[in-house]
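Structure first, commentary second.
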Amino acid sequence: DLILRSSEGGTGSSATAVYFKTTDNKASLEIGNVLGGGVEAGSSVITVQNSGVLNLNPLGGVWCRSLTGTAFNWGKTGNDDDYLNLSIGTHGDAKFTTIDDAATAAHIELEADGNIILDSAGTTDIESVGLIKTTGAGVEIENGSSAGAAALLIDNDDVDQIALDIDAANTTANI
């Protein structure tokens with residue numbers, strides 16, 4: 001059975017808020033432009049499948065706006081203490097924060113089947129309380145022909161530490 005109700009007690013076109021509920025938990029629901037008894041081809045569609053999957057297929061963009069705040073949280077059912085938070089600032093600035101209530105294991109991993117590109121209109125800062133490590137085939141520092149700056153700047157303000165430490169295991173090639 002499909003039940004349509006409103007928070008004002010009305011039904012159908014007189015309802016002010018409508019929700020859908022199936023009593024057997026087996027039905028799927030499609031919401032879109034209805035034409036001839038089905039969802040019109042080429043219209044935006046929201047589908048809730050009986051497997052619990054929610055599909056959004058908009059013709060335009062998807063907006064998710066908080067009416068009462070600036071933060072959005074994502075987490076797993078049954079665990080409200082560990083989650084991912086997205087905060088949106090006044091000028092559209094965004095910050096992802098991971099929260100692990102019991103430890104510090106809420107890591108973020110970007111695994112791309114292609115390149116990862118950071119395209120910043122300003123300086124790109126990487127902040128870490130520990131060592132920053134790259135693992136791969138090597139590191140290339142490429143400076144454009146009109147950059148107007150050094151390709152590598154080592155700015156060490158720690159007066160009792162060396163500025164550059166080369167720890168190389170190579171024995172048959174120059175450092």
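Some notes on this structure:
- Conditions (1) open to solvent by 60 Å² or more (accessible area, probe 1.4 Å); (2) outside any loop (DSSP other than H, G, I, E, B); (3) at pLDDT below 90; number of the one not met by Lys95: (3)
- Among the residues of the range 131-164, those identified as among the acidic types (Asp, Glu), more than 28 Å from Leu110 (Cβ to Cβ) and open to solvent by 100 Å² or more (accessible area, probe 1.4 Å) are Asp157, Asp160.
- Test: residue in the range 106-114 that is touching a Ser or Thr at 6+ places or on another chain (Cβ under 7 Å), surrounded by 10 or more Cβ atoms within 10 Å (Cβ to Cβ) and part of a loop (DSSP other than H, G, I, E, B): yes
- Residues in the range 66-92 that are open to solvent by 60 Å² or more (accessible area, probe 1.4 Å) and of a type in the set (S, T, N, Q) were compared, and the one that is nearest to Glu109 (Cα to Cα) is Asn73.
The values are calculated or read from the model by the stated rules, or taken from the named source; none is laboratory data. Predicted model only: the values in this text are computed from it and were never measured. Positions of Cβ are generated from backbone atoms using ideal geometry, with glycine treated the same way; all protein chains shown enter the neighbour counts. To get the accessible areas, we keep the full protein, side chains included, count just its heavy atoms, and leave off ligands, DNA and RNA. Shrake-Rupley method; radii C 1.70, N 1.55, O 1.52, S 1.80 Å.
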